[in-house]
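Right, one structure below, let's go through it.
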Amino acid sequence: MDIDDILREVDPSSSGLPSETRDLQSLTRVWVAERSTPELLSWPTDGLVERVNGRIASQIERVEALTGDMDPRSNFALIVIQTELERYKFLVRSYLRARLAKVDRHALHYLSTPDLRARLSPTELAYATRHQALLHNHYLASFLGSFGPTLQNLNDTAGNITMIDTPDLENAVFIRLLRDGRVMGKGVDADGDVEGRTGDIIILRWADAKPLVDTETAELV
Amino acid sequence: MALPLPQGLVPTEVAFLCEMEMVTIVPRQRLESIPLLSGDTPALRPPHRAQMPLWLALLLKKQRRANIVPPAWLHPASLADIIHHETNVDPQAFSPPPPPPTRADGRGRARPFQDNIRSSREQPKPGDDPRLAPPFLPSPPAGYLPYHWLELAETLLAHAADDVPAAAEVRSLLRDLQEVRAAKMRGSTQSLEGGGGVVVLRGVGAMELAESRAFVLGVVDGVRKLGASAEATRREEEAIGGGGRYGGGAGGRGGNFEDSDEEMEF
């Protein structure tokens, strides 16, 4: 907690959210979003995960210090701290694993353009590159090696047919509107156009929902 | 290592989210503030009420260190009102979601909970607080269901039934409410078939979504794949300027099937 948080707390005209609470909200939101979308979302640029990881590490240190003294009063505090720690660790782990599942499934796709590469964190990028190299080497050794050199690529785009498997961006998602606004979505028989109010839950295609989520007009649920 | 779960939150994950809902407790013991990752807990001084997340409240309840104050909407009268609304006032839609929460501004007026982020401002700035959404919103007033109503009510009745007044009545009212809303949820699949693009489920609950998520997403994606060629044709026609809606409004569903037949003939 820094001086800004203290000032915000005593000022009744502000929302009064300490930075820890804000981080929990952001982490929860990125986790839900990552779990709900068909494609990989951008790695949070404001250092959210790094910050949360730092806090978890220092909290673990505190637990280690507290387990030393046998005071029964600090005992209960310890239980609470550890319970919360486990909840936090679950959130972070589930978030990273959800991303990893998407990277695994479409590794070549996320490595193909600089824009897509920018969505990965440095460690994820290293992982995806290595994963793909290992896979390619394995394929080469087991069967690709016996083909002609023109047939050995895994990312061939000849004849307007790309070999790279991409996530289906038209998959349906659920969103909740965070402010009033117009929601447009493509449909089979007709394109939908709805005047949405704050709190509405809407089903539409991810490709249509993405601009709303990016501008924080809506969040995934 | 990668997560094997399907896209979208599963019910256990929704239950996890629900445990972050804020509830009010009446402590029975003094307890100093505990430094947690999500901020310090309030220092507990009986009989002063305090707000805390559900998981912590349940922990305190189990250790008999606190009683949970049931939220206003869980009162039998409030639930009966909601059921009345769901069955008689508006038998088609879900009851409306709670109004945006308000807070006192220290000058004797009520203001929106997060009025530092106005809806008039189109683009939020990077330094802004994120706009709050469940499970981080305060409990709604009586007569409105929060987003996590079913899980929250179930948890409170399972672990703190002695704190809920008229628990048996509340239980049977909840069951009625759940049945009414489940029927509506099933009915809403009618609009999914139409292929209109946007389906609004105003006031639906988290667990109701999680229960039917796989089915709903399957239907929407299935309709999209079946009608992919029809949609492409319609878009081409619209691009040319024909303007006609392919398949027509009411006959939309029939149009779909005809198109899949055509495809097979090719």
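The values are calculated or read from the model by the stated rules, or taken from the named source; none is laboratory data. If you're wondering where the values come from, they're calculated on a predicted model, not measured in any experiment. For neighbour counting, all protein chains shown are included, and Cβ atoms are generated from backbone atoms with ideal geometry for every residue, glycine included.
Scanning the stretch B:1-12 for residues that are more than 7 Å from every other protein chain (Cβ to nearest Cβ) and either crowded, with 17+ Cβ neighbours inside 10 Å or among the hydroxyl-bearing types (Ser, Thr, Tyr) (or both) gives a single hit, B:Thr12.
Could you grab me the full set of residues in the stretch A:202-219 that are at the interface with another protein chain (Cβ under 9 Å from one of its Cβ atoms), closer than 26 Å to B:Lys225 by Cα and within 18 Å of the chain's Cα centre (by Cα)? Within the stretch A:202-219, just A:Glu219 meets the criteria. Output the residue which, of all residues in the stretch A:158-183 that are at the interface with chain B (Cβ under 7 Å from one of its Cβ atoms) and either over 28 Å from B:Pro135 (Cβ atoms) or outside any loop (DSSP other than H, G, I, E, B) (or both), is farthest from the chain's Cα centre (by Cα). Filtering the stretch A:158-183 for residues that are at the interface with chain B (Cβ under 7 Å from one of its Cβ atoms) and either over 28 Å from B:Pro135 (Cβ atoms) or outside any loop (DSSP other than H, G, I, E, B) (or both), the one farthest from the chain's Cα centre (by Cα) comes out as A:Val183.
Listed conditions (1) within 22 Å of B:Leu9 (Cα to Cα); (2) touching a Ser or Thr at 6+ places or on another chain (Cβ under 6 Å) are all met by A:Val213, apart from (2). Residue count for the stretch B:18-36 satisfying the condition of being within 22 Å of A:Ser19 (Cβ to Cβ), within 11 Å of chain A (Cβ to nearest Cβ) and buried (at least 21 other Cβ atoms within 10 Å of the Cβ): 1. Just so you know, in the stretch A:161-175 the residues that are buried (at least 21 other Cβ atoms within 10 Å of the Cβ) and free of Cβ contacts under 8 Å to residues at least 60 places away in the same chain include one that is nearest to A:Glu216 (Cα to Cα), and it is A:Ile175. Filtering the stretch B:206-234 to residues that are of a type in the set (A, V, I, L, M, F, W, C) and closer than 30 Å to B:Phe16 by Cα leaves B:Ala206, B:Met207, B:Leu209, B:Ala210, B:Ala214, B:Phe215, B:Val216, B:Leu217, B:Val219, B:Val220. Candidates are the residues of the stretch A:98-115 that are part of a helix (DSSP H, G or I) and without any contact (Cβ under 8 Å) to a residue 12 or more places away in the chain; the one that is nearest to the other protein chains (Cβ to nearest Cβ) is A:Ala101. Of the helices (runs of 4 or more DSSP H) entirely within the stretch B:168-245, those holding at least 2 residues that are over 21 Å from the mean Cα position of the chain (by Cα) and more than 10 Å from chain A (Cβ to nearest Cβ) occupy B:228-240. Being more than 8 Å from chain B (Cβ to nearest Cβ) and under 17 Å from B:Arg202 (Cα atoms) is a condition met by at least one residue of the stretch A:191-201.
Being crowded, with 16+ Cβ neighbours inside 10 Å and on the phi > 0 side of the Ramachandran plot is the filter here; which residues of the stretch B:37-71 pass it? Let's see the steps before the verdict.
Applying the first criterion (crowded, with 16+ Cβ neighbours inside 10 Å) to the stretch B:37-71 yields B:37-39, B:41-42, B:44, B:50, B:52-61, B:65-71.
Once the filter is applied, which keeps residues that are crowded, with 16+ Cβ neighbours inside 10 Å and on the phi > 0 side of the Ramachandran plot, the stretch B:37-71 yields only B:Gly39.
With respect to the stated conditions, A:Tyr88 fails to be more than 8 Å from chain B (Cβ to nearest Cβ) and either at pLDDT 90 or above or surrounded by fewer than 18 Cβ atoms within 10 Å (Cβ to Cβ) (or both).
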